[in-house]
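What follows is a set of notes on a single structure, which appears directly below.
The values are calculated or read from the model by the stated rules, or taken from the named source; none is laboratory data. Note that this is a predicted model, so its numbers are computed, not measured. FYI the Cβ positions are ideal-geometry reconstructions off the backbone, even for glycines, and counts take in every protein chain you see.
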Amino acid sequence: MTREPLLPGLGIVDLTIIGVMTCLGVYVAFLAPKKLESALGLQDSMSMHEANIKAAEMRRPKVEPSRFDRLKRAREDVLQVVEPILAFLSLGAGLATFRRPSAWSKRALRRRGILTLAVVTLFFLTALSNEFILRHFDINTSGVGLNPISALWGELTAEIGLGVLVLWVILLLGRRWSGAADWHDRVGRTVGWLLILDGLCGSRLSQLLY
Amino acid sequence: MRRSENATIGRRFTILDAMILVAAVAGGLALGKTISGDALFIGRFHPDWSTRHIRYFLLGPTLAVLVLGLLRPRPPLKTLACRPGMAACLAATLATFVDAVFWAGYILLNDPEKQLNIVSRFWRGCSKDVARAVPVVWLGLLLGRRWRPDATWIDRLGRLLGVLWVVACLVEWRFGRWLFMLTFHYWKTHR
């Protein structure tokens, strides 16, 4: 069910916010995780991870990778690029939408796409600030290490992807499956679908492949 | 929303409800027992490890409240799905179901006869997803101004379980490291 648009159309400021955030996502995706950690002043989580990978490769017998192995490797590479971009795109779309006070109204937040954007933006903001504080201020000095930062994007998108799927199923069961014909809602719905797809085809599919 | 949809359709607490809840608690205790060793593992100071078996226990009552909520007499499904108590139980069940499907696929593809501790290993991977799904759904209901609690014992029980799942999300690895830090420093200073 699609209703009349509630929010104004895509403006230059919205485009700039989304464009800048997407570029930031692309930059983070192609930046080496160690460089990202040093640029943000974060605790080193990659050295131990890389040493573990190297040790695992040393133990593994040397065999020529099959076509299936190469496909799995390519899929991993694609996900490592796509997941940070998706996270920053979601944040950008959320910031562009919720800079308008009308987006916080009851009517707007009852639209599936805008509601999804709100939930996803809040989740990413909370989770990323939490990770930044813990990693930056070296709080976790207890011996139980941090997860490698390269895995962070996959974990976050998989977690919120499942959350969005569950939220949408509940909205569908409650017959609150409404959308609007404006770009905010369309972007929200697209982000929702992408996150669900990533949630199912990312780490959960990896579980089946390895 | 029509008035009839808002009206509370209360159901008395019957022997059948009590039997289902007792069975669910027993099932939850059996599930929790499979990973009770986690609480004694090296990460025992981390609330994620020390409470994982309690979260596994919660799964039993959560499924039971969902079943009890679907028994008649009950409001229409579209009203029921957006009640916070039922939504919490539904969210936890759906998240478990999705992860269970992938886990079953993994087991089938990797020689089921050679797999050990299937039930406990499943929960080690799945518990964070379930704990995350409930706050996401509640946030969605709150932001959309669809938070309409019902004054029935089933919805109250569902909300109580929902609160416990939210607490589970806060002690889980991603957000629970703060608690871990506090408990670890407390242990270091008082040992």
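Screening A:PRO61 with (1) exposed (fewer than 13 other Cβ atoms within 10 Å of the Cβ); (2) in a helix (DSSP H, G or I); (3) of a type outside the set (D, E, K, R); (4) at pLDDT below 85 gives one miss only, at (2). Given the conditions (1) at pLDDT 90 or above; (2) surrounded by fewer than 19 Cβ atoms within 10 Å (Cβ to Cβ); (3) more than 9 Å from chain B (Cβ to nearest Cβ), which single one is not true for A:PRO101? Here A:PRO101 clears every test but (1).
You will find that of B:GLY162, B:GLY158, B:GLY140, the residue that is free of Cβ contacts under 8 Å to residues at least 12 places away in the same chain and surrounded by 23 or more Cβ atoms within 10 Å (Cβ to Cβ) is B:GLY140 and no other.
Residue pairs whose Cβ atoms lie under 6 Å apart, separated by 6 or more positions or on different chains, with the first residue in region A:153-178 and within 9 Å of chain B (Cβ to nearest Cβ) and the second basic (Lys, Arg) and not in a loop (DSSP other than H, G, I, E, B), are A:GLU159/B:ARG132; A:GLY163/B:ARG132; A:GLY174/B:LYS78; A:ARG175/B:LYS78.
Residues are listed down the side, and each one gets a yes or a no for (1) within 10 Å of chain A (Cβ to nearest Cβ); (2) farther than 18 Å from B:ARG11 by Cα:
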{"site": "B:LEU66", "(1), (2)": "no, no"}
{"site": "B:LEU71", "(1), (2)": "no, no"}
{"site": "B:TYR106", "(1), (2)": "yes, yes"}
{"site": "B:ASP111", "(1), (2)": "no, yes"}
{"site": "B:LEU116", "(1), (2)": "no, yes"}
{"site": "B:LYS128", "(1), (2)": "yes, yes"}
{"site": "B:LEU139", "(1), (2)": "yes, yes"}
{"site": "B:GLY144", "(1), (2)": "yes, yes"}
{"site": "B:ALA151", "(1), (2)": "no, no"}
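When you scan region B:115-124, do you find a residue that is closer than 24 Å to A:LEU195 by Cβ, modelled with pLDDT of 75 or more and over 13 Å from the mean Cα position of the chain (by Cα), even just one? Taking every residue of region B:115-124 in turn, at least one turns out to be closer than 24 Å to A:LEU195 by Cβ, modelled with pLDDT of 75 or more and over 13 Å from the mean Cα position of the chain (by Cα). Cβ-Cβ distances below 9 Å connect the following pairs, each with a first residue in region A:56-75 that is within 17 Å of A:LEU209 (Cβ to Cβ) and free of Cβ contacts under 8 Å to residues at least 24 places away in the same chain, a second residue that is not in a helix (DSSP H, G or I) and not hydrophobic (A, V, I, L, M, F, W, C), and a separation of six or more residues or different chains: A:ARG73/A:PRO65.
Checked against the criterion of being closer than 21 Å to B:LEU21 by Cβ and under 10 Å from the mean Cα position of the chain (by Cα), the candidates B:ALA92, B:ALA87, B:ALA64 yield just one match: B:ALA92. There is at least one residue in region B:59-68 that is crowded, with 22+ Cβ neighbours inside 10 Å, among the polar types (S, T, N, Q), at pLDDT 85 or above and part of a helix (DSSP H, G or I).
Please verify whether B:THR183 is touching a residue at least 60 places away in the same chain (Cβ under 8 Å) and in contact with a His (Cβ under 9 Å, 6 or more places away or on another chain), treating the condition exactly as stated.
Working: touching a residue at least 60 places away in the same chain (Cβ under 8 Å): yes; in contact with a His (Cβ under 9 Å, 6 or more places away or on another chain): yes.
In short, yes.
Would you check if there is a residue in region A:124-139 being modelled with pLDDT of 85 or more and crowded, with 23+ Cβ neighbours inside 10 Å? For region A:124-139, residues modelled with pLDDT of 85 or more and crowded, with 23+ Cβ neighbours inside 10 Å: absent.
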